[in-house]
Amino acid sequence: MNMAISSPSPSKHITFIKHAITIAMLVLLANDIFGGVIKYYTARSSLLFLSFLPVLFAGGVVGAYYLLYGFAMRWHKAMGVFLLLFLFNAIYAMFIGRQPMAVGFALYIWLPFFLGMLVAIFKCEESFQKYVLMCWLCAIAGVFLNSQIDFPWVGEDYQAFGKTLQTSREWWAQSIFRIAGFSRASFAASNQIALFCMVMLCLPMGRWKKFGIWALSIIAVYLTTSKIALLIMIITPLLILLVQASAKKTGRPAYALLFTLTAIMVLAPILLLTTRSQVGTFDGFGFLTLSSMFERMYWMWPSAWDLLFKDNNPVLMVLGRGLGGIGTPQTFFETLYQNSADNLFIYLYVTFGIGSFIFIYYLMKSLRRCASNTQSLLMYFTFSIVVVMIGMTANVVENSTSLLVFGMLMGKASEPIRKNPPYQRLAS
């Protein structure tokens, strides 16, 4: 008897998984935009576990995909590649002594990445575009309100897994308060606003509307004191205009721009691998100084590399420290060596070792694909710029929105160049 007769039809699988992906994506974005609010009220109500449900729901959708499509042996190739990479790395991490809870927490952090891949594979980015205005309005409203009103969740402490954390980070840059709005940190709010703004600049609307959105966004980003987001707001529109002007003839200028940015992100921390110096300063304008950049270059990045070299273990130098070996999981399980990496490539290499080049390979494929047809893939081209620029000074992974978009780039890179998207093959 043919088992395919009694199994659910492919079209039902597709409809179910697409709706689930869209809902999970929107819930994840809302959870990130209102992260400070949600963490504050759930913690006060002794319902902190509710704040973890959006990411767990995303994980459930990813798990449903692997189950539904796994039985038919029709996993998308990239989804299979990254599943094997993470399974190997999880087992390896525990084999070298990483606590299972640390590995599990790291996997939890990475769940938006897999959801982002599914968003691209199943062509759910249209929903992202549909609701991006609402997301932008919420993010920008939080920053503007917070510039006039003291929100109760800013600087408020709560307990999680035996550690004291803040619902929304309270900090200053050169005596200037860093506004976080509704989110959990100022850099999260600024990256959200920059990303949502850049996506809207890619949508069909009047030039003056786009200018108004850009102007409000750059004011809001300035209020957060985030320098990299401010650079994104200034540089990305210029790159988009340059690429649109040249894309009619060739995609090479676009690819060259993206390749150069990616090379800086990867090579800068490698070239500074053994460099240590007194953190420099620059008397700029208000928060516009280079002190934080010097701190990354001469302390954060070398200290992150030290995690691989401190035991003189060549295995760690090649295969990395495994899941949970850097970043937020260290806050709970390895406090003495806690390091946020502040660079996407460092975070990937310390975790996956040479396996990190799988991410770089797919990223380069994504850059090439986006640059070769910037008119139809303008949003993904913009995603590439934003993710790579954020990745120069942040790990990208430990923010749901940026990690979701990073996953979308990986999914778009692995999509075969054909008229019918990969998921439609199931319906044929």
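The values are calculated or read from the model by the stated rules, or taken from the named source; none is laboratory data. The structure displayed is predicted, hence computed values, not measured ones. FYI the Cβ positions are ideal-geometry reconstructions off the backbone, even for glycines, and counts take in every protein chain you see.
Below is a table of values for the structure above.
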item	result
Qualifying position, being assigned to a loop (DSSP other than H, G, I, E, B), within 22 Å of Tyr131 (Cα to Cα) and either touching a helix residue (DSSP H, G or I) at 6+ places or on another chain (Cβ under 9 Å) or modelled with pLDDT of 90 or more (or both), among Leu216, Leu195, Leu203	Leu203
Subset of segment 356-371 that is surrounded by fewer than 20 Cβ atoms within 10 Å (Cβ to Cβ) and more than 16 Å from the chain's Cα centre (by Cα) - its residue that is modelled with the lowest pLDDT	Arg368
Pairs, first polar (S, T, N, Q) and surrounded by fewer than 24 Cβ atoms within 10 Å (Cβ to Cβ) in segment 316-330, second assigned to a helix (DSSP H, G or I) and modelled with pLDDT of 95 or more, C-beta under 7 Å, six or more apart	Thr328/Ile109
Of all residues making up segment 150-194, the number that are farther than 15 Å from Lys39 by Cα, within 21 Å of the chain's Cα centre (by Cα) and among the aromatic types (Phe, Trp, Tyr)	1
Per-region count, segment 133-159, residues crowded, with 16+ Cβ neighbours inside 10 Å and either among the polar types (S, T, N, Q) or at pLDDT below 95 (or both)	6
Check on Phe182, assigned to a helix (DSSP H, G or I) and touching a residue at least 60 places away in the same chain (Cβ under 8 Å)	no
Number of the exception - Ala141 against (1) part of a helix (DSSP H, G or I); (2) under 20 Å from the mean Cα position of the chain (by Cα); (3) more than 19 Å from Met379 (Cβ to Cβ)	(2)
Residue within segment 274-290 that is under 30 Å from Ile176 (Cβ atoms), at pLDDT 85 or above and surrounded by fewer than 23 Cβ atoms within 10 Å (Cβ to Cβ) present	no
Any chance Tyr222 is modelled with pLDDT under 85 and among the aromatic types (Phe, Trp, Tyr)	no
So Gly80, is it more than 30 Å from Phe177 (Cβ to Cβ), at pLDDT 95 or above, among the small types (Gly, Ala, Ser) and out of contact with any strand residue (DSSP E or B) (no Cβ under 8 Å at 6 or more places or on another chain)	no
Filter result (polar (S, T, N, Q) and buried (at least 21 other Cβ atoms within 10 Å of the Cβ)) within segment 55-106	Asn89
